[in-house]
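The values are calculated or read from the model by the stated rules, or taken from the named source; none is laboratory data. Everything quoted here is computed from the prediction, not taken from an experiment. Glycine gets a Cβ as well: all are built from the backbone with ideal geometry, and neighbour counts include every protein chain shown. Ligands, DNA and RNA are excluded from the accessible area calculation, which covers all protein heavy atoms including side chains. Shrake-Rupley method; radii C 1.70, N 1.55, O 1.52, S 1.80 Å.
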Amino acid sequence: MYIVVVGCGRLGSQLASIASKDGHNVAVVSRNPAEFKRLGPDFNGMTVEGVEFDIDTLREAGIEKADAFAAVTGDDNTNIMAAQVAKNVFNVPIITARVFDPEKYKTFLALGIDAICPTTLGASSIYSKFLLKDKRTHFLFYNDKLELIEIVYRGEQKTSVKKLESLGDFKVVSVTEKNITHIAKEDTIINPGCSLLIAVLVENYNSIKKIFDL
């Protein structure tokens with residue numbers, strides 16, 4: 001895979017290093033060449049100095065043959081412009097951008113650009129821990145409609161996934177027992193103490209709290 005990463009801060013350099021180490025061809029773009037030092041001596045990809053959304057700079061980085069593109073500079077506006085160029089000018093198949101401002105995150109989505117908002121993810125994760133008050137139970141993912149929760153089954157007797165799901169409007173995704181994880185099927189047995197990964201709509205979360213005695 002050929003990957004172009006714009007931005008070489010802590011996230012960009014880490015992403016580029018991981019992809020390069022995994023055998024992918026990586027080009028990193030930054031207007032600040034001093035940032036390339038973050039890549040370390042083992043990085044074997046390309047570095048290009050220039051404005052991250054400049055068409056000629058991106059061409060020099062090989063964007064015309066890119067399979068994936070990441071806009072992860074420290075500036076939301078730069079990221080959205082770079083992602084738009086990658087999407088609308090070069091038709092890169094996979095595009096992801098980082099955005100710090102939750103309001104701008106909505107703009108990214110409206111433009112059809114996949115984005116990650118660490119501000120929203122971090123706030124949701126911390127707040128979920130306040131609500132659940134149980135170190136063994138926490139949200140793994142949150143958005144406006146769906147919650148993915150890891151929870152410990154505390155029933156006194158074993159049960160099956162089918163019987164457990166009949167108690168409410170939720171879906172058991174996986175069952176973990178003794179550090180071994182299985183994809184949940186209707187006949188999968190759940191013993192007391194098993195860790196469950198459960199998907200539930202936000203509107204049904206209160207019923208889950210009652211079922212699992214949170």
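Some observations on this one:
- Of all segments of the chain bounded by GluC sites (Glu not before Pro) found in a DSSP loop with no more than 16 other C-beta atoms within 10 Å, the longest spans 1-155.
- Pairs exceeding 30 Å between alpha-carbon atoms, taken from Lys21/Lys65; Lys21/Lys171; Lys87/Lys145; Lys21/Lys178; Lys21/Lys185: Lys21/Lys171; Lys21/Lys178; Lys21/Lys185.
- With the simple spin-label model, which puts each label point 7 Å out from Cα in the Cβ direction, the Tyr205 to Leu146 separation comes to 1.6 nm.
- Of all aspartates and glutamates in the structure, the ones whose alpha carbon falls short of 16 Å from that of Lys162, not counting any fewer than 8 places away in one chain, are Glu186, Asp187.
- On the principal axes of its alpha-carbon atoms, segment 1-50 has extents of 25, 18, 16 Å, going from largest to smallest.
- The chain: DSSP helices with Cα axial extent of at least 18 Å and average Kyte-Doolittle hydropathy no lower than 0.5: 118-132
- Given the chain, longest segment not containing exposed loop trypsin sites (Lys or Arg not before Pro) (DSSP; at most 14 other Cβ within 10 Å): 1-132
- Calculated over segment 69-119, the projected area of the Cα convex hull averaged across directions stands at 2.9 nm².
- Rounded accessible area of Thr181 (nearest 10 Å², 1.4 Å probe): 90 Å²
- Highest mobility in the GNM of the chain, judged by mean-square fluctuation with C-alpha springs under 10 Å and restricted to Val89, Val48, Val99, is found for Val89.
- Extents of segment 19-109, largest first, come to 38, 25, 24 Å (Cα atoms, principal axes, whole angstrom).
- Correct choice for mean projected area of the Cα convex hull in nm² that was computed from the model, options (i) 11.6; (ii) 14.1; (iii) 10.8: (ii)
- Mean separation of Cα contacts under 8 Å (6+ apart) over length of the chain, as relative contact order %: 13 percent
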